[in-house]
Amino acid sequence: MRHVAIVGSGPAGYYTAEALTKLLEGRVKIDIIDRLPVPFGLIRTGVAPDHQSIKAVSRRYEAVALRDDVRFVGNMTVGVDVSIEELMQLYDAVVLATGAPNDRPLDIPGADLPGVVGSAAFVGWYNGHPDHADLAPRLDTTAAAIIGNGNVALDVARILAKTPEEFAGSDIVGHAYHALPDSSIRTITLLGRRGPHQIAMTPKELGELAHLARAAPRVDPLDLPPIEEDALLEPGMRKSVGHLRDFAANPVARPQTIEFDFYAMPVAIEGDGRAERVIVERTVLDDQLRSVGTGERYAIPAGLIVACIGYQTPSIPGVPYEHGRGRFANADGLILPGLYCVGWARRGPSGTIGTNKPDGVRIAERIVADTGGSDAAGSNRRGRSGLDALIAARGIDIATFRDWQQIDAAEVAAARADAPREKMVRIDAMLAAKSPGR
Ligand code: NAP
């Protein structure tokens, strides 16, 4: 028998577990450990609540979770309840699938003013992450600025723009659903430090901006490169840029606008005790397509500023870390003998949910090879029984997959007419729902 612990129950964790069960059918036992009592990581708390078709992939993870050789151990924090060293003693392989839940810091003066938030916090707020349930972002402002030109910036702009009716069928949490309609925001400015050909926005997500009920996208035609240059782009990017060209050619008047401000590098945030404006420097691109400031500066009023500039993996004491890239130091997923990483914890925050599938397969193949190949007898490590002994000795109130099913059922039962579930945002409430009457 091979014993594997996977830390993190998001897409990277479940794809790794799925691949391991296929490669080692009947010869592996896997524990998926998560600090939250609920599984699925980014699917539950990262993917936008109005993108239910993407979230539906959790059904595939559920099929893995319900296998006898895979178990979910929720409400257990590695580094607090159990150390990495302890896990490495108990299991043949420990895989860090911890994602990248921390914001890359926005390193400009004024970034700590009230009204400035990172996308991890803002997305976590509307998506029900217990860490961010109390964020209460400023919505009593007429202007918001979003820093970054990636898909997360698009998610944030869209969520700020949607009407309550447009959240029908979503799983947006109650506190955001009730707060957003009271927002005074009329202008949402998306700040890109480079140009339309350097956006990191996928066509489907960008195209959605044209179909919002009360908001319309605006692009300055003068920012667009000559149309012949689109031929040099790969097809997906060409399609995205096509959307920007449509937005520029067909400006629509709606009560709210989503302005694309390109070649616009935020250099400071100013305000009297709270954010009131972003100071932006005009940029040009150098021959490596990097943004270079021109010295020309202007101010964009904004009482809410959301930095969507990428994420980083939290470091773990004793685990080698690559600070520049915000991920664990690794060679193709191997950190140290017996310790691996996968997904965003391995490669940094890039790609879609699906990118984690081949990543999981690759790390599973590597673990099989490193532990003697698929036919090896396996080890006499204690694995699951050792973890159980430790859980009992420390009195850790773990949440199993069955507990999650109870929480899930309670959320669905509490659903409103316009949303498929009423998501719990407090760990206490989740734990109470798993064991009614506690
Ligand atoms: P991202 O795609 O890396 O985009 C980050 C953006 O922030 C880039 O435009 C970048 O500009 C800009 N930026 C970085 N540092 C900056 C700074 N100091 N000042 C100003 N701008 C700065 O990251 P993301 O949007 O967080 O997305 C993370 C991953 O999740 C991506 O792979 C994304 O596709 C994926 N995702 C997918 C979906 C979906 O498929 N529906 C939804 C959400 C997220 P430069 O290019 O100039 O560096």
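Suppose we keep only residues that are in a loop (DSSP other than H, G, I, E, B), within 13 Å of the ligand (Cβ to nearest atom) and out of contact with any strand residue (DSSP E or B) (no Cβ under 6 Å at 6 or more places or on another chain) within region 179-235. Which one would you say is farthest from Asp286 (Cα to Cα)?
Applying the filter and picking the extreme gives Thr202.
Just the residues that are over 15 Å from Val152 (Cα atoms) and at pLDDT 95 or above, please, taken from region 181-197.
Ser183, Ser184, Ile185, Arg186, Thr187, Arg193, Arg194, Gly195, Pro196, His197
Between residues in region 132-153 that are part of a strand (DSSP E or B) and residues that are within 10 Å of the ligand (Cβ to nearest atom) and of a type in the set (Val, Ile, Thr), which pairs lie under 7 Å by C-beta distance while being six or more apart or on different chains?
Ile146/Val156; Ile147/Ile309
Given the criteria within 12 Å of the ligand (Cβ to nearest atom) and farther than 25 Å from Lys204 by Cβ, does Thr283 qualify?
Yes, satisfied.
Restricting attention to region 22-54, which residues are away from the ligand (no atom under 12 Å from the Cβ), within 13 Å of the chain's Cα centre (by Cα) and of a type in the set (Val, Ile, Thr)?
Scanning region 22-54 gives a single hit, Thr45.
Can you tell me which residue among Tyr321, Tyr311, Tyr298 is among the aromatic types (Phe, Trp, Tyr), under 30 Å from Ala93 (Cβ atoms) and without any contact (Cβ under 8 Å) to a residue 24 or more places away in the chain?
So the residue among Tyr321, Tyr311, Tyr298 that is among the aromatic types (Phe, Trp, Tyr), under 30 Å from Ala93 (Cβ atoms) and without any contact (Cβ under 8 Å) to a residue 24 or more places away in the chain is Tyr321.
State which residue is farthest from the chain's Cα centre (by Cα) when the search covers only region 286-316 and only residues that are within 14 Å of the ligand (Cβ to nearest atom), assigned to a strand (DSSP E or B) and not aliphatic (A, V, I, L, M).
Among those residues, the one meeting the criterion is Gly293.
Condition first: assigned to a loop (DSSP other than H, G, I, E, B), more than 15 Å from the ligand (Cβ to nearest atom) and in contact with a Lys or Arg (Cβ under 6 Å, 6 or more places away or on another chain). Can you find one or more residues in region 94-110 that meet it?
no
Taking only region 355-372 into account, find how many residues are touching a residue at least 60 places away in the same chain (Cβ under 8 Å), of a type outside the set (A, V, I, L, M, F, W, C) and assigned to a helix (DSSP H, G or I).
6
Report the residue count in region 262-280 for those that are in a strand (DSSP E or B), more than 11 Å from the ligand (Cβ to nearest atom) and touching an Asp or Glu at 6+ places or on another chain (Cβ under 8 Å).
3
Just the residues that are among the hydrophobic types (A, V, I, L, M, F, W, C), in contact with a Ser or Thr (Cβ under 7 Å, 6 or more places away or on another chain) and buried (at least 18 other Cβ atoms within 10 Å of the Cβ), please, taken from region 279-301.
Ile300
Going through region 236-255 one residue at a time, which ones are touching a strand residue (DSSP E or B) at 6+ places or on another chain (Cβ under 6 Å), in contact (Cβ under 8 Å) with a residue 40 or more places away in the chain and either under 15 Å from Gly150 (Cβ atoms) or surrounded by 19 or more Cβ atoms within 10 Å (Cβ to Cβ) (or both)?
Leu244
The values are calculated or read from the model by the stated rules, or taken from the named source; none is laboratory data. Because the structure is a prediction, the values reported are computed rather than measured. Quick reminder, even Gly has a Cβ in these numbers, built from the backbone with ideal geometry, and neighbours come from all protein chains shown.
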